[in-house]
Amino acid sequence: MSERQLRLSMEPPPSLWRPYTQMKLAGPTPKVRATEGVRLELEDGSHLIDGISSWWTACHGYNHPHIQGAVADQLARMPHVMFGGLSHEPAERLARRLAKLLPGDLDHVFFSDSGSVAVEVAMKMAVQYWLNRGVKGRHRFVSFRDGYHGDTLGAMSVTDPDGGMHRHFAGYLPQQFVADLPTDLDRIARLETLLARHRDAIAGVIVEPLVQGAGGMKFHDGDTLRRIANAAARHGHLLIADEIMTGFGRTGRMFACDEADIVPDIMCLSKALTGGTIALAATVARRHVFDAFWSDDPAAALMHGPTFMANPLACAAANASLDLFETEPRLAQVRTIETALRQELEPARGLPGIVDVRVQGAIGVIQLTALNDAGWLRRRFIEFGVWARPFGDILYLAPPFVIGAEDLTHLTRTMVTVAREWSERHGT
Ligand SMILES: *Cc1c(COP(=O)(O)O)cnc(C)c1O
């Protein structure tokens, strides 16, 4: 046994259990000690430009003084108070503002603390919507191939069962219907048939509008989305739009649903809701969904209430984040990023082993035949001073909207360089 092996065999396993990680094989993890603008500062004093906005959340970059000030003020006054039986202005104001910002009569906001829980709440709402209206048996969901809706059990059940990361659990989760996105006539027909045939079993249809994120950054257009919305409406199904990743400008629209001019019955929001600062999520219902719970019968109430629901610090951060969308040119910045991504990632197209280069809003993707050498890829990005996290079969960028042209070009050049190097190693 080498000295290193001996030492490793004697070291206790780490205390910290990391996300999506085989702990035994995990290499050292970069340790961040501070953030500023679009940069992460590591323990050794080096910096990385964040190419993926901390899992697509930090749309205003890090440490924006307006959000920091709002959270500091709120912290000094009231960090938290339970939401059962009590209310507070940060939550009421945020609910009013979201209702105003969202399309149609998406006016009733239920807060929780993570995207997955927002999806669970949406699914509970949809199932109970039918029960409250005296309709029994409608408790299954239609979701789409390559979809991802979170890591809790209900959300897992509507995530792609084959391609998704929750394969092991296939036999243990509620059985849902998985459809192909209706992108051609054949698929449209099959979706229509599914929605008609199982009408009495289906509680709702759930979709990530325009961009399927964790399923591989796959894009579809507004027509496809409109088709889904129309089909769901025609067959009398509730439509749940999971805008957890797409919401707040990432696709180029404030909400991806705006692109197709549709109003889903229920919408889930989280990720960029607080500008990447504090965990918060919202499930927003249209009037007719809310009305199904409006009753003299206490048993018709929505029985859900996370302990830290509507945390005032998080609501203050979200209100401040919405201020920034009003006072700073975020959507124009997304358009500028989109143009740059389109031009600057293009050189990767056609390289051996590169399957696709695609851009939607502030998301740029280079798709590979397969993610060989993921460890090497991640290391290479860090050597270039870039934080990126390739997954599935893609390299991708989803930078903070405030990124400057020079930093963005550093990200895109690095992506293309790393893709080229990868292509030389693996592209046969
Ligand atoms: C991230 C994500 C979720 C899950 O959100 P968490 O906060 O990680 O629980 C759900 N749906 C979509 C589309 C997401 O991108």
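The values are calculated or read from the model by the stated rules, or taken from the named source; none is laboratory data. Keep in mind that this is a model prediction, so the values were computed, not measured. Note: accessible area is taken over every heavy atom of the protein model, side chains too, but ligands, DNA and RNA are not part of it. Shrake-Rupley method; radii C 1.70, N 1.55, O 1.52, S 1.80 Å.
At a glance:
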quantity	calculated
Accessible area in square angstrom per residue, region 1-138, 1.4 angstrom probe	60
Histogram of C-alpha separations across region 232-275, 10 Å bin width, %	29, 50, 18, 3
Accessible solvent surface per residue of region 199-323, calculated while the other protein chains remain in place, 1.4 angstrom probe, Å²	31
Between 0 and 90°, nearest 10: helix 65-77 axis offset from the chain longest Cα axis	60
Hull shadow area, averaged, region 95-226 [alpha-carbon convex hull, nm²]	9.0
Accessible carbon and sulfur surface of the chain relative to its total accessible area, %, 1.4 Å	54
Structure-based [θ]222 nm, the chain - -39500 (n - 2.57) summed over DSSP H runs of at least 4, per residue, nearest 500	-11500 deg cm²/dmol
C-alpha long axis of helix 374-383 to longest principal axis of the chain, angle in °	70
Reciprocal of mean inverse Cα separation for region 267-344 (Kirkwood radius, Å)	15.5
In Hz, Karplus ³J(HN,Hα) per residue of region 391-408 (6.51, -1.76, 1.60; θ = phi - 60°; x = Gly, Pro)	8, x, 10, 10, 9, 8, 10, 8, x, x, 5, 8, 4, x, 4, 5, 5, 5
Area of Met245 that stays accessible when all protein chains are in place (1.4 Å probe, Å², to 10)	10
Debye log10 I(q)/I(0) for the chain, one point scatterer per Cα, at q = 0.13 Å⁻¹	-1.22
Under the Karplus curve 6.51 cos²θ - 1.76 cosθ + 1.60, θ = phi - 60°, whole-Hz ³J(HN,Hα) for region 248-260, x wherever Gly or Pro sits	6, x, 4, 8, x, 10, 4, 10, 4, 4, 4, 4, 9
Alpha-carbon gyration tensor eigenvalues x 5, square-rooted, for region 10-150, Å	35, 26, 16
Heavy-atom accessible area per residue - region 332-383, 1.4 Å, Å²	45
Most fluctuating residue given options Ala300, Ala272, Ala281, as computed from a GNM of the chain linking Cα atoms under 10 Å	Ala300
Scattering profile of region 318-411 at q = 0.14, 0.22 Å⁻¹ [log10 I(q)/I(0), Debye over alpha-carbon scatterers]	-0.57, -1.14
